[in-house]
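Read the structure below first, then the notes.
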Amino acid sequence: MKTKLMLLSLLFIIFSCSKKDEIKFDDVNQLIGKWLLVSECGGISGACTYPSATENITIEFTNNGKYIAARNDTIIHESDFKIT
């Protein structure tokens, strides 16, 4: 019985995912610019968090491969990015 239940669970997991869930990203120019964070969702619980009304969080992707995260115009994280 355990084997059948595990097999059924495995089949459910395999077939519940589809390629429709994938995001196609062909052009890095679609990403370049400054983005305003409105929510973050995910993690183990899948919970969402939202910036406060006085908090302005932006994420910027530059033409030269830089990623810059800022809170109220103060940089909180900066790194390089590459899409492969």
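The values are calculated or read from the model by the stated rules, or taken from the named source; none is laboratory data. This is a predicted model, so every value here is computed, not measured. Positions of Cβ are backbone-derived with ideal geometry, glycine not excepted, and every protein chain shown enters the neighbour counts.
Only one of ILE59, ILE83 is out of contact with any Pro (no Cβ under 8 Å at 6 or more places or on another chain), surrounded by 10 or more Cβ atoms within 10 Å (Cβ to Cβ) and modelled with pLDDT of 90 or more. Can you tell me which? Give the steps one after another, and end with the answer.
Numbers: ILE83 fails: modelled with pLDDT of 90 or more.
Testing whether each residue is out of contact with any Pro (no Cβ under 8 Å at 6 or more places or on another chain), surrounded by 10 or more Cβ atoms within 10 Å (Cβ to Cβ) and modelled with pLDDT of 90 or more leaves just ILE59.
So which residues in the stretch 55-72 are within 18 Å of ILE32 (Cβ to Cβ) and outside any strand (DSSP E or B)? Working first, answer last.
Restricting attention to the stretch 55-72, the residues satisfying the condition of being within 18 Å of ILE32 (Cβ to Cβ) are 58-70.
Matches in the stretch 55-72: THR62, ASN63, ASN64, GLY65.
List pairs: first residue in the stretch 58-84 and at negative phi and of a type outside the set (Val, Ile, Thr), second residue in a strand (DSSP E or B) and loosely packed, with under 10 Cβ neighbours inside 10 Å anywhere in the structure, Cβ distance under 8 angstrom, at least six positions apart or on different chains.
Cβ pairs passing all conditions: LYS66/SER79; LYS66/ASP80; TYR67/SER79; TYR67/ASP80.
Does ASP26 satisfy the condition of being modelled with pLDDT of 90 or more, exposed (fewer than 10 other Cβ atoms within 10 Å of the Cβ) and of a type outside the set (S, T, N, Q)? Reasoning before the result, please.
Details: modelled with pLDDT of 90 or more: no; exposed (fewer than 10 other Cβ atoms within 10 Å of the Cβ): yes; of a type outside the set (S, T, N, Q): yes.
So ASP26 does not fit the description; no.
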